[in-house]
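Inspection log for the structure reproduced underneath, given as structure tokens.
The values are calculated or read from the model by the stated rules, or taken from the named source; none is laboratory data. Here the structure is a predicted model, which means the values were calculated and not measured. Reconstructed Cβ throughout: ideal geometry from the backbone, glycine too, with neighbour counts over all protein chains shown. Note: areas computed on protein heavy atoms with side chains; ligands, DNA, RNA excluded. Shrake-Rupley method; radii C 1.70, N 1.55, O 1.52, S 1.80 Å.
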Amino acid sequence: MSTYELIIRNGYVVLPEEVKKADVAIRDGMIAEIGNLIDDKGLEEYEASEHYVFPGMIDVHVHFSEPGRAHWEGFETGSQMMAAGGCTTYFDMPLNGIPSTIDQLALLEKAKIGEAKSVVDFGLWGGLVPGNIDELEGLAKSGVIGFKAFLSATGNDEFERADDLTLLHGMREIAKLDKILALHAESDSITRWLKQGKEEQGLYSADDYAATRPVLAEAEAVERAITYAELTGCRLHFVHISSALAIEKIERAKRRGLDVTVETCPHYLLFNQATLIEKGSVAKCAPPLRERDEQEKLIALLIEGRFDMISSDHSPSPYEMKDPAVHNLFEAWGGISGGQFSLLSMIELAITYDIPLPKLADWIAAAPAERFGLSSRKGQIKEGMDADLAVISLSQNYTVSRDNFYAKHKQSVYMGHTFPCQITATFNKGKLVYDKGEIRKQARGTWLK
Ligand code: ZN
């Protein structure tokens with residue numbers, strides 16, 4: 001008989017190759033044993049019968065805005081919200097804080113805040129912007145997970161989009177540093193030109209907004225970035241890809257041997273342009289929610305395995321910045337507040353389309369861990385890995401309301417949405433951080449360098 005810190009009992013455990021009813025034993029925050037552990041004892045035991053035990057989500061794409069704009073969202077409530085969504089590691093983007101994360105000093109300042117406040121583990125992206133090429137090495141040495149650049153305007157004055165020369169110089173440097181460049185791929189010229197046309201005519205409807213950011217704007221930017229990656233040898237990760245045409249170009253690059261990965265977000269799979277028309281600014285994002293036929297193509301591509309991973313692109317703001325009484329749809333802050341609902345969304349899709357759960361676990365945990373250098377510790381339920389786990393019911397519904405949404409600002413396209421599943425508990429390195437509607441606010445995560 002062995003004694004463990006914790007045993008999670010009788011769950012359907014989502015392993016890399018199968019789902020198996022088993023107990024999971026945890027020692028020193030790591031998974032020590034998986035199996036029928038009836039003879040063993042846990043100092044604590046968690047009953048997970050009739051529940052599924054997933055690897056905690058690794059969400060490579062969230063926007064908290066601390067320091068500087070913590071009133072939008074910060075590490076405290078932001079990380080609590082992620083924990084409530086079954087996420088045990090998130091990577092924070094470099095653009096929304098003041099200062100933005102474009103040099104070592106800003107990175108270390110942000111990391112300190114994260115370490116003091118985050119209830120789960122986190123990584124930090126550094127930014128590639130015009131004029132900061134000399135900072136990239138310092139950022140890499142201090143532990144950024146990778147770099148992020150925008151091909152179109154960012155919405156934040158402090159974080160400029162990368163022009164073509166910045167991209168080429170930056171990619172060469174990032175290749176040298178053996179890091180990955182994540183790209184928001186939409187053409188600045190196309191989107192700006194189309195927007196100007198709409199503004200001149202005073203057209204601000206949901207359809208008009210969507211028309212300013214067409215699939216072609218995404219495809220053009222993807223194609224150009226791939227060309228530059230080929231010239232420089234830089235590894236790329238395309239964030240929030242929203243069209244079959246962009247996937248076609250990325251697939252072709254992969255077949256040519258380029259080191260490229262791609263994510264999409266649940267909102268492109270669950271919703272479409274009709275949602276933007278119906279719900280307005282809470283459903284505004286860039287690229288925009290697509291037409292229904294594009295949404296269906298994206299789901300088919302997901303099932304075919306064309307997306308490497310899923311991220312939330314959680315991008316919140318205060319309600320005033322989205323208030324339709326003050327701002328038209330073009331002026332409203334773009335970004336969907338959905339970090340808490342990514343795993344639930346993917347399980348909903350898995351149930352609807354009969355997607356095997358180990359495949360889903362790969363998209364939300366194993367693949368991001370592998371891509372960003374965490375796979376020796378995270379991403380799978382396997383002996384020796386960190387005990388980052390989400391206990392989930394696939395038989396209880398969950399309707400999003402103000403009471404069970406933990407973000408700082410309670411507006412989201414997901415408000416009122418009913419999922420056919422529910423996160424029951426979340427463990428970060430074996431420590432319970434979320435349990436049946438309650439957050440363990442004293443929990444602290446680690447900065448993953
Ligand atoms: Zn984003």
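One table, with the values for the structure above:
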{"item": "Where the chain is the region considered: accessible area per residue in Å², 1.4 Å probe", "result": "38"}
{"item": "Helix-only CD estimate at 222 nm, as mean residue ellipticity for the chain, using -39500 (n - 2.57) per DSSP H run (n ≥ 4)", "result": "-9500 deg cm²/dmol"}
{"item": "Debye intensity ratio I(q)/I(0), log10, the chain, q values 0.06, 0.14 Å⁻¹ (C-alpha model)", "result": "-0.23, -1.34"}
{"item": "Degrees between helix 215-232 axis and first principal axis of the chain (Cα, 0 to 90, nearest 10)", "result": "80"}
{"item": "Spin-label pair ARG402/THR352, simplified geometry with 7 Å Cα→Cβ offset, distance in nm", "result": "2.8"}
{"item": "Crossing angle, helix 342-353 versus the chain [Cα axis fit, 0-90 degrees, rounded to tens]", "result": "80"}
{"item": "Residues listed by number, the range 127-155, amide nitrogen under 20 Å from LEU105 label point at 7 Å toward C-beta", "result": "127-144"}
{"item": "Accessible surface of the chain [probe 1.4 Å, protein heavy atoms]: carbon and sulfur percent", "result": "48"}
{"item": "Residue pairs, from the table LYS141/LYS279; LYS141/LYS378; LYS195/LYS297, whose Cα atoms sit over 32 Å apart", "result": "LYS141/LYS279"}
{"item": "Sequence-separation-based contact order of the range 56-371, relative, with Cα cut under 8 Å and 6+ spacing, percent", "result": "17"}
{"item": "Nonlocal amide H pairs with LYS284, under 5 Å, H built at 1.01 Å", "result": "GLY335"}
{"item": "Antiparallel bridges, percent of DSSP beta bridges restricted to the chain (to nearest 5)", "result": "45"}
{"item": "Dipole magnitude of the range 56-371, debye to nearest 20 (Cβ charges: Lys/Arg +1, Asp/Glu -1, about Cα centre)", "result": "460"}
{"item": "Pairwise Cα inverse-distance average, inverted: Kirkwood Rh of the range 321-384 (Å)", "result": "14.5"}
{"item": "Between 0 and 90°, nearest 10: helix 75-84 axis offset from the chain longest Cα axis", "result": "60"}
{"item": "Sequence-distant residues sharing a close amide H with LEU37 (under 5 Å, placed H)", "result": "ASP23"}
{"item": "Cα-Cα over 23 Å, subset of LYS359/LYS382; LYS112/LYS436; LYS176/LYS449", "result": "LYS112/LYS436"}
{"item": "Sorted peptide list for 363-370, 66-73, criterion being average Cβ within 10 angstrom, highest first", "result": "363-370, 66-73"}
